[in-house]
Amino acid sequence: MSKSEGPILVRWTPTMLSFAIIVVVTCSLVLQSSVLGGAQRASSKGYEVINVYPHDPEAFTQGLYFDNGFLVEGTGRYGRSSIRKIELETSRIVEQVDLPSWLFGEGITEFGGLLYQLTWVAHTGFIYDADTFERRGQFSYNTEGWGLTHDDRHLVMSDGSAWLYFLDPQSFTEARRVLVHDSLGPIDQLNELEFINGEIWANVWHQDEILQIDPMSGSVTGRINLSGLLTQDSPIDPEGVLNGIAYDAEGDRLFVTGKLWPSVFEIRVTDP
Ligand SMILES: [Ca+2]
């Protein structure tokens with residue numbers, strides 16, 4: 001047998017593997033949907049506003065979490081990117097570190113006393129002491145950087161696709177990834193993230209809905225429709241969209257805001 005007649009071996013690259021998983025998941029969901037006579041998307045939950053707090057209308061919110069009475073925010077845009085610790089009631093900034101003007105700040109999270117910050121397309125993240133904001137190091141990753149949160153072991157990162165990446169917080173190697181999907185297929189443009197009571201909650205770029213995601217399967221288990229939340233003083237900037245979820249686990253308080261929004265809302269999720 002000549003060499004050309006031998007078996008064809010395919011070397012699977014991560015990109016090919018990811019594409020194959022998307023195809024398989026999409027096909028199985030479409031098949032399941034047609035077998036079941038057209039699966040429906042879960043109906044959206046609503047919300048009730050509990051409190052309204054001031055928010056810097058110049059802050060292009062890309063990351064948000066709650067830490068011991070303070071909101072911690074990561075802002076984006078070139079020349080305007082920062083991390084800041086904010087007094088919830090007054091929006092007074094008590095700590096701030098700016099990024100150099102060639103870097104566009106993205107998601108932030110606190111894990112093990114360290115604050116991790118992504119940047120958009122520079123493939124570089126930064127590490128700070130979560131209390132003092134002193135710079136402790138940096139790390140790199142191959143994708144774009146969008147949202148960031150963590151579970152009890154890993155950093156969880158979005159990159160604008162339908163994937164969530166689980167990264168080791170020391171080595172930054174990828175432990176696993178999940179494809180976020182519902183009965184109609186993958187959902188991309190996942191943005192700011194928050195780990196809440198065993199679920200990952202995600203903003204979706206330019207959408208008024210927050211997704212609730214099963215971190216093991218990537219399956220969307222619920223959606224919260226926040227349209228109408230910012231009825232007054234909406235930003236004129238078309239990029240002034242809902243982005244930013246922070247959870248106070250001790251007080252069971254949920255905060256949401258948006259890029260360039262003048263307010264942070266404490267909300268309670270209501271049944272459909
Ligand atoms: Ca968050």
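The values are calculated or read from the model by the stated rules, or taken from the named source; none is laboratory data. A quick note: this is a predicted structure, and the numbers were derived from the prediction, not measured. As a convention, Cβ positions derive from the backbone with ideal geometry for all residues, glycine included, and neighbour counts pool all protein chains shown.
Residue check: S161 meets all listed conditions (1) among the small types (G, A, S); (2) within 16 Å of the ligand (Cβ to nearest atom); (3) in a loop (DSSP other than H, G, I, E, B) but one, namely (2). Just one of the numbered conditions (1) farther than 20 Å from E73 by Cβ; (2) surrounded by fewer than 17 Cβ atoms within 10 Å (Cβ to Cβ); (3) at pLDDT 95 or above is not true of Q212: (2). Given the criterion within 18 Å of the chain's Cα centre (by Cα), more than 14 Å from the ligand (Cβ to nearest atom) and charged (D, E, K, R), identify the matching residue among D208, D248. Just a single option satisfies the conditions, and that option is D208. Scanning the stretch 211-227 for residues that are within 14 Å of the ligand (Cβ to nearest atom) and without any contact (Cβ under 8 Å) to a residue 24 or more places away in the chain yields a single hit, Q212.
Take the residues in the stretch 142-192 that are surrounded by 21 or more Cβ atoms within 10 Å (Cβ to Cβ), free of Cβ contacts under 8 Å to residues at least 60 places away in the same chain and small (G, A, S); name whichever of them is nearest to Q207 (Cα to Cα). Looking at residues that are surrounded by 21 or more Cβ atoms within 10 Å (Cβ to Cβ), free of Cβ contacts under 8 Å to residues at least 60 places away in the same chain and small (G, A, S), I get S158. Pairs meeting the criteria (first residue in the stretch 228-243 and at pLDDT below 90, second residue basic (K, R), beta carbons under 8 Å, at least 6 apart or on different chains) are P235/K259.
Out of the stretch 94-112, which residues are over 17 Å from A246 (Cα atoms) and surrounded by fewer than 21 Cβ atoms within 10 Å (Cβ to Cβ)? V94, E95, Q96, V97, D98, P100, S101, W102, L103, G112, listed by residue number. Filtering L229, L193 for residues that are aliphatic (A, V, I, L, M) and closer than 21 Å to W146 by Cα leaves a single hit, L193.
Contact map, the stretch 34-57: residues that are modelled with pLDDT under 95 paired with residues that are surrounded by 13 or more Cβ atoms within 10 Å (Cβ to Cβ), Cβ distance under 6 Å, separation 6+ or inter-chain. Pairs shown: A39/S33; A39/S183; R41/D182; A42/G222; S44/R223; S44/N225.
Go through L184, L230 for me and flag whichever is in contact with a Phe, Trp or Tyr (Cβ under 7 Å, 6 or more places away or on another chain), more than 14 Å from the ligand (Cβ to nearest atom), over 26 Å from G113 (Cβ atoms) and of a type outside the set (S, T, Y). One residue alone meets the criteria, L230.
The set of residues in the stretch 255-272 that are closer than 22 Å to R92 by Cβ and not β-branched (V, I, T) comprises F255, G258, K259, L260, W261, P262, S263, F265, E266. Here the stretch 184-210 is the region considered, the condition is being aliphatic (A, V, I, L, M) and part of a strand (DSSP E or B), and the residue that is nearest to I108 (Cα to Cα) is L193.
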